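The values are calculated or read from the model by the stated rules, or taken from the named source; none is laboratory data. As the structure is a computational prediction, the values presented were derived from the model and not from experiment. All Cβ positions, glycine included, derive from the backbone under ideal geometry; neighbour counts span all protein chains shown. Side chains are part of the model used for accessible areas, which takes the heavy atoms of the whole protein and leaves out ligands, DNA and RNA. Shrake-Rupley method; radii C 1.70, N 1.55, O 1.52, S 1.80 Å.
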Amino acid sequence: MTVQLPLGIDLFDKLRTDGYYYVDKTELIHEVLDTKFEVSLITRPRRFGKTLMMSMLETFFDISRDSKAIFEGLKISRERALCEEWMNQWPTVFVSLKSAEGLNFKDAYGMLTILIANLYKKYAFLGESDAVDKDDRNLFLKIKRREAELVELKDSLLLLTRMMHAHYGKKVILLIDEYDVPLSKAYDNDYYREMLDIIRVMLGSALKTNPYLKFSVIMGCLKISKESIFTGLNNVVSNTITTERFNEYFGFTENDIQKLLADTGLTDHADEMRAWYDGYHFGRADVYCPWDVLNHAAALQADPYAQPRAYWANTSGNSILKRFLKMASRTTKVEIEKLINGEYISKRINEQLTYDELESSIGNMWSFLYLTGYLTGKKSERGQSEVVELAIPNREVREVFMSQIVEWFTEEIVVSQHEKLTAFCQALKTGDISTAQSIFDAFLKRGISVRDTFVKKNRKENFYHGILLGLLMSADGWYVRSNHEDGDGYSDIHVEIDEEDIAFVIEVKYAENDALDAACSEAMKQIEKMKYLEGLEELGFSTIYAYGIACYKKHCKIVRREMLQQLK
């Protein structure tokens with residue numbers, strides 16, 4: 001029987017009642033209560049289970065529910081005294097700010113009013129409760145109908161906790177998920193200050209000296225500085241990836257993975273999972289990205305030959321990496337090369353960031369990449385430190401770095417080196433090897449290389465393949481395809497220039513230990529063996545070239561052979 005994996009399921013009660021596979025993380029409830037913090041801020045990278053955790057907390061505490069059956073058999077159910085005191089005993093408000101976004105402030109503000117209105121509809125009974133002050137009921141209805149003024153919307157979470165307290169006669173647990181998403185989107189679309197003003201007041205009024213608050217848990221990706229959003233709030237205790245609290249609850253531990261693979265019959269894929277999706281160090285905990293693991297396990301259930309993919313990376317546009325690369329100095333590029341090649345670099349990490357300060361220094365960008373999961377810190381037993389040994393966590397993120405570097409590199413060349421790029425394409429078209437090699441060599445010296453260390457040979461070849469492909473695809477009137485079916489296999493790059501009756505294929509090789517001649521020879525032998533040019537001959541091109549291009553670090557060699565006559 002196939003195990004039903006919870007892809008995209010972040011409602012805890014649905015996951016449990018519909019029989020989805022669940023890695024038991026309910027002891028987080030005990031940890032949250034044991035800390036006795038009035039406001040806990042928990043930050044983790046995206047897709048590490050934050051929303052599911054918040055849904056679990058709501059399901060456990062919410063006074064309007066009966067959740068005993070949902071938690072039956074889970075670890076927290078063994079703590080009977082705790083469950084009697086806390087399970088479904090407290091009025092609970094759960095709000096996610098994820099949808100409060102837009103391409104401009106007007107749209108984002110409109111989405112925020114809808115979000116709060118829908119939240120109020122969830123607690124519509126408060127608008128008719130005799131235990132609630134009449135003026136509060138009138139304001140509640142106004143906000144629910146989306147008729148509130150800006151100042152009233154800013155106070156909406158405080159109002160809701162006050163009314164819940166009046167109705168139930170108990171203090172309120174407030175759960176706020178994705179608190180930083182509105183600010184992240186505002187930063188991307190140039191209305192940061194306007195949105196910051198709203199979120200600062202909304203959260204501040206609900207969390208600062210709120211007499212109706214039992215406690216609050218807030219989750220997001222980034223710890224935004226107190227000066228920016230939590231001004232004057234001394235009751236916020238931060239739990240980031242550098243601290244020791246809660247770390248094993250976000251992500252899958254090695255024990256979690258071994259059990260999941262055994263339960264799904266996928267134990268043969270343990271090494272593959274580890275190489276692609278492990279490598280994150282939160283405090284002293286070593287964890288896998290759960291989103292990746294569940295998606296790849298589901299893919300393997302459907303197809304035993306399914307290859308690993310960058311699932312986590314594809315949940316975002318990765319625009320931050322592109323900004324980072326554009327800021328990179330020569331020194332930074334050397335550091336990126338070290339990371340891609342499996343090495344560590346030391347950086348001072350600043351956790352007190354604001355979005356509008358990110359691009360003010362390359363140091364802030366390093367911190368952001370670390371805190372949001374693009375980089376990880378070396379596992380340490382010495383405790384928290386401002387200086388962190390950074391590395392790329394796994395193969396998935398390395399693939400993202402390499403693809404973004406290729407994209408950035410080719411864009412930069414197309415914009416800033418247009419004449420040389422045109423000359424390079426012209427040289428390949430006419431068979432001018434020395435010119436093509438000289439220009440491509442110069443291009444590589446401007447970029448980032450993959451050295452003979454951590455990255456396997458085929459990944460190095462793919463890196464240079466991607467750079468070359470991006471350069472050629474900028475040529476007007478050229479039909480350029482990657483991994484095109486030719487002859488008895490798939491050529492790396494296939495080019496047709498119809499107007500000039502010219503076509504060629506390119507095989508790219510990485511030259512181990514600077515053996516450029518040998519790598520070029522290997523490329524040409526592969527072209528001949530796999531009969532890549534026969535398809536071009538059948539298409540009727542009068543001039544057909546075969547190119548072997550070998551790369552090593554920032555050097556290349558190009559060989560060419562005109563093979564049409566040999567095919568006739």
- Message: Looking only at helices (runs of 4 or more DSSP H) that lie completely in segment 237-343, which have at least 3 residues being under 24 Å from Lys460 (Cβ atoms)?
- Response: 270-277, 319-327, 330-340
- Looking at segment 204-241, which of its residues are open to solvent by 20 Å² or more (accessible area, probe 1.4 Å), touching a residue at least 60 places away in the same chain (Cβ under 8 Å) and of a type in the set (Val, Ile, Thr)? Val237
- Looking at (1) touching a residue at least 40 places away in the same chain (Cβ under 8 Å); (2) farther than 28 Å from Ile29 by Cα; (3) outside any helix (DSSP H, G or I); (4) open to solvent by less than 30 Å² (accessible area, probe 1.4 Å), find the lone condition where Val132 falls short. (1)
- Restricting attention to segment 24-49, which residues are in a loop (DSSP other than H, G, I, E, B), touching a strand residue (DSSP E or B) at 6+ places or on another chain (Cβ under 9 Å), open to solvent by 20 Å² or more (accessible area, probe 1.4 Å) and at negative phi? Phe37, Glu38
- Note on the structure: Selection from segment 404-450 of residues open to solvent by less than 70 Å² (accessible area, probe 1.4 Å) and basic (Lys, Arg) yields Lys429
- Among what's in segment 50-70 and is in contact with a helix residue (DSSP H, G or I) (Cβ under 7 Å, 6 or more places away or on another chain) and either among the hydroxyl-bearing types (Ser, Thr, Tyr) or farther than 25 Å from His167 by Cβ (or both), pick the residue that is surrounded by the most Cβ atoms within 10 Å (Cβ to Cβ). Met53
- Message: I'm told Asn138 meets every condition in (1) modelled with pLDDT of 95 or more; (2) open to solvent by 50 Å² or more (accessible area, probe 1.4 Å); (3) closer than 24 Å to Lys50 by Cβ except one. Can you identify the failing condition by its number?
- Response: (3)
- Looking across segment 456-493 at residues that are under 18 Å from Tyr545 (Cα atoms) and charged (D, E, K, R), the single one that is least open to solvent (accessible area, probe 1.4 Å) is Asp486
- Item | Among the residues listed as Glu147, Glu194, the single one being under 21 Å from Met111 (Cα atoms), acidic (Asp, Glu) and in contact (Cβ under 8 Å) with a residue 60 or more places away in the chain | Glu194
